[in-house]
Amino acid sequence: MSLSGHLKDGVHHLDIRIYYEDTDFSGIVYHANYLKFCERGRSEMLRLTGIHHSDLDGQGIHFVIRRMQCDFQAPARIDDVVRVETSVQRVSGARMVLAQVVKLDDQVLFEAEMTLALINGAGRPQRVPPDMMRAMSQA
């Protein structure tokens, strides 16, 4: 598998090994690190669809998290290899809604629904360009 994971049936899969630095004093993954894992999953999914953060920066536009709903269901531990699954739910206007799940084998550990907004350099909403809309809808 490549560093960026892979797309299968409209879902991006990214495997991440849990390291000591990802855990808290109890030996389980610190809750905020699930958000980091999801960020990696989102970034790699976009990269596979041809959307690179560095290119967006060159165009003066950026994705930001507008809304996040999270559900922590079970812990991951050091040396586990978890899978981050990311899928595009909908894209419209300046928004993109993604579903993300972190699993250990078939067990769901964490679920999130993220609403991202595309903004310009002044922080104002920017409509998702048609080519980007097509790329995301194909994911």
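The values are calculated or read from the model by the stated rules, or taken from the named source; none is laboratory data. Please read all numbers here as calculations on a predicted model, not as lab measurements. Glycine also receives a Cβ, built like all others from the backbone with ideal geometry; neighbour counts cover every protein chain displayed. Quick note on the areas: whole protein, heavy atoms, side chains included, nothing else; ligands and nucleic acids left out. Shrake-Rupley method; radii C 1.70, N 1.55, O 1.52, S 1.80 Å.
General remarks:
- As a summary of the residue check, Gly10 satisfies the conditions (1) modelled with pLDDT of 95 or more; (2) on the phi > 0 side of the Ramachandran plot except for the one numbered (1).
- Checking region 95-102 against the condition returns a match, with at least one residue being farther than 21 Å from Asp15 by Cα and without any contact (Cβ under 8 Å) to a residue 40 or more places away in the chain.
- Across region 56-63, a minimum of one residue is classified as open to solvent by 80 Å² or more (accessible area, probe 1.4 Å) and either more than 18 Å from Val11 (Cβ to Cβ) or of a type in the set (Val, Ile, Thr) (or both).
- Residues that are open to solvent by less than 30 Å² (accessible area, probe 1.4 Å) and within 16 Å of Leu35 (Cα to Cα) were ranked within region 77-95; the one that is farthest from the chain's Cα centre (by Cα) is Val82.
- Scanning region 49-74 for residues that are among the aromatic types (Phe, Trp, Tyr) and under 20 Å from Gly5 (Cβ atoms) gives a single hit, Phe63.
Listed here are the residues, each with its yes/no results for (1) farther than 21 Å from Ala99 by Cβ; (2) among the β-branched types (Val, Ile, Thr); (3) open to solvent by 90 Å² or more (accessible area, probe 1.4 Å).
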residue	(1), (2), (3)
His6	no, no, no
Asp15	no, no, no
Glu21	yes, no, yes
Ser26	yes, no, no
His31	no, no, yes
Glu39	no, no, no
Glu44	no, no, no
Gln69	no, no, yes
